[in-house]
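**Q** Dumping the structure here so I can ask a few things about it.
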Amino acid sequence: MKKLFRNLLAAFLFVGVLASCESTDPLIEEAQKNIFTQNYDSALAILDRSIQQNPNSGVPYYYKAMTYAEQARMIEPPANRKDNYKNFRESVETARDLFSQAEETPSEAESVTPLVLNTWGFEHNAAIEYVNNDSVRQQVENPLEVSISHLENAVIINPDSVLSWAILAQVAGMAENYETAISAQEEAMELMDKPESNDYLRLGIYQRNSGNVDGALSTLQNGVEMYPDSIALVQNLADVYMAAGQREKSIETIETLIERDPDNAQYRLALGTQLLQATTEISEQITSNYDMVYDLNSELRNNPGKRESINSSIDSLISLNQELTVEMDALSAKAQDELNRVVELRPEDPKAYEYLAISYQNKAAALYEERNFTEDNELASELDQQAKAELRKAMENYEKAVELDPDNSQYWQSLSRIYVQLDMQEKAEEAMKKAGM
């Protein structure tokens, strides 16, 4: 019923436009009749004849624009209307140009802008329906794609519409069509006098999600320069720095937020998370290096003649891991300081306890790896005890996390693994059940 009403309303508007533009040109009158009776191809042919006879008149171009617009409404799916709307836009621009040069301005000149806005509104409003109206969404298989098609039509009709470009970017982002989202957001921002902080944020997110980390960095850096007090921009910039492998930049960026508001738990959680991610990456690198040491030891047994070069490679990897361990310990200590501060400020936050637990797990993993590759039995025993001490700290924090969020299966699963490592079988089985394992 709503769709019927919209079509009837459009028809009434169309009739009103024709009635307000009476013409004494028989070709124009004939074209008007054909438009009204939906004989669009005939109308276009007649209007081309009128253009041949009156090449300096904008009137036939105006009616060509109207014909293309009315014909487009009949074309399904909406994605197939683009050629019509490109012809519409070209006809509109030609009509405006010729009207501006005419000695006497015809009545149709005043109707060009209403025609554009009416045609644009038809497509733009249809797009919104496929996003916001559940009953309309259910009528098609891919409502977001249909909405995108309507919006792409809208910006062909009215390329100066910041609103349509901005909404096209958002809908394309929702559909994970990031290339379209990026180009639409860039068009919207180009048309704005001064883009807002959220505009930079959206563009940066679309670029990052598309894999364009360098583009996201540039956009977010520009955004922070324009809006240095935007927390969302600064946080996302820190995330992208980390994704780009610029760990120190990421940490420095979040530290600027903490300097502004030292008691903000969210900032400290963000910093703790970034530091934790850095320690996790180092932990994985340490493990990878020890795997290479294992492979080299196997190669040494099979190739005793290469003993010197293989031992040199082993020594280099072990030395590198010692350096990485020192770096990881420093970052872990800093992460734990931040996360412990979060716990003080927000003691009911299970995420803070989870991240603390992960930091202790990373430390334990590195100690176990070092234990496995030492030939000193006394040192191996000491490293084993140190690793278990770290695991017990992780256990305590996971237990606090499940106390605050008992339905979180991921917490229970992680806790069950720690119980197994600490030889607490009964507790491990109980945790596995609660994890649904």
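**Q** Any residue in segment 380-392 that's farther than 21 Å from ILE358 by Cβ and without any contact (Cβ under 8 Å) to a residue 24 or more places away in the chain: show its pairings with residues that are among the hydroxyl-bearing types (Ser, Thr, Tyr) and surrounded by fewer than 17 Cβ atoms within 10 Å (Cβ to Cβ) at Cβ separation under 9 Å, as long as the two are six or more apart or on different chains.
**A** Pairs found: ALA380/THR374.
**Q** Still on this structure, please answer the following. So which residues in segment 190-223 are aliphatic (A, V, I, L, M) and more than 26 Å from PRO143 (Cβ to Cβ), if there are any at all?
**A** LEU191, MET192, VAL213, ALA216, LEU217, LEU220, listed by residue number.
**Q** Please tell me if GLU252 is in contact (Cβ under 8 Å) with a residue 12 or more places away in the chain and surrounded by fewer than 21 Cβ atoms within 10 Å (Cβ to Cβ).
**A** On the way: in contact (Cβ under 8 Å) with a residue 12 or more places away in the chain: no; surrounded by fewer than 21 Cβ atoms within 10 Å (Cβ to Cβ): yes.
So GLU252 fails the test.
**Q** Based on what the data block shows, is LEU367 in contact (Cβ under 8 Å) with a residue 24 or more places away in the chain, surrounded by 13 or more Cβ atoms within 10 Å (Cβ to Cβ) and assigned by TED's automatic domain parsing to the domain that holds LEU276? Can you show your working first?
**A** Values: in contact (Cβ under 8 Å) with a residue 24 or more places away in the chain: no; surrounded by 13 or more Cβ atoms within 10 Å (Cβ to Cβ): yes; assigned by TED's automatic domain parsing to the domain that holds LEU276: yes.
Spelling it out, it is not the case that LEU367 is in contact (Cβ under 8 Å) with a residue 24 or more places away in the chain, surrounded by 13 or more Cβ atoms within 10 Å (Cβ to Cβ) and assigned by TED's automatic domain parsing to the domain that holds LEU276.
**Q** Does GLN277 meet the test of being under 23 Å from TYR355 (Cβ atoms), of a type in the set (S, T, N, Q), part of a helix (DSSP H, G or I) and assigned by TED's automatic domain parsing to the domain that holds GLN386?
**A** Details: under 23 Å from TYR355 (Cβ atoms): yes; of a type in the set (S, T, N, Q): yes; part of a helix (DSSP H, G or I): yes; assigned by TED's automatic domain parsing to the domain that holds GLN386: yes.
Considered against the rule, which asks whether it is under 23 Å from TYR355 (Cβ atoms), of a type in the set (S, T, N, Q), part of a helix (DSSP H, G or I) and assigned by TED's automatic domain parsing to the domain that holds GLN386, GLN277 comes out as yes.
**Q** Scan segment 207-258 residue by residue and report those that are in a helix (DSSP H, G or I), of a type in the set (A, V, I, L, M, F, W, C) and over 15 Å from the mean Cα position of the chain (by Cα).
**A** Narrowing segment 207-258 to residues in a helix (DSSP H, G or I): 207-209, 213-226, 231-243, 247-258.
Adding the requirement that they be of a type in the set (A, V, I, L, M, F, W, C) leaves 213, 216-217, 220, 224, 226, 231-234, 237-238, 240, 242-243, 251, 254, 257-258.
Answer for segment 207-258, where residues must be in a helix (DSSP H, G or I), of a type in the set (A, V, I, L, M, F, W, C) and over 15 Å from the mean Cα position of the chain (by Cα): VAL224, MET226, ILE231, VAL234, ALA238, MET242, ILE251, ILE254, LEU257, ILE258.
**Q** Taking LEU300 as the residue in question, decide whether it is more than 18 Å from SER319 (Cα to Cα), in a helix (DSSP H, G or I) and without any contact (Cβ under 8 Å) to a residue 24 or more places away in the chain. Don't jump to the end; show me each part of the working.
**A** Numbers: more than 18 Å from SER319 (Cα to Cα): yes; in a helix (DSSP H, G or I): yes; without any contact (Cβ under 8 Å) to a residue 24 or more places away in the chain: yes.
When the stated conditions are applied, LEU300 passes them.
**Q** Among the residues of segment 173-191, is there at least one that is among the aromatic types (Phe, Trp, Tyr), surrounded by 23 or more Cβ atoms within 10 Å (Cβ to Cβ) and either assigned to a helix (DSSP H, G or I) or in the same structural domain as ARG89 (by TED's automatic domain parsing) (or both)?
**A** Taking segment 173-191 first, the residues among the aromatic types (Phe, Trp, Tyr) are 178.
Subset that is surrounded by 23 or more Cβ atoms within 10 Å (Cβ to Cβ): none.
So far as segment 173-191 goes, no, none of its residues is among the aromatic types (Phe, Trp, Tyr), surrounded by 23 or more Cβ atoms within 10 Å (Cβ to Cβ) and either assigned to a helix (DSSP H, G or I) or in the same structural domain as ARG89 (by TED's automatic domain parsing) (or both).
**Q** Enumerate the helices (runs of 4 or more DSSP H) found wholly within segment 48-167, keeping only those where 3 or more residues are surrounded by 14 or more Cβ atoms within 10 Å (Cβ to Cβ) and not acidic (Asp, Glu).
**A** Numbers: elements: 59-72, 82-101, 112-132, 134-137, 143-157.
Here the list reads 59-72, 82-101, 112-132, 143-157.
The values are calculated or read from the model by the stated rules, or taken from the named source; none is laboratory data. In this text, all values refer to a predicted model and were calculated from it rather than measured experimentally. Methodologically, a virtual Cβ is constructed for each residue, glycine included, from the backbone with ideal geometry; neighbour enumeration extends over all protein chains shown.
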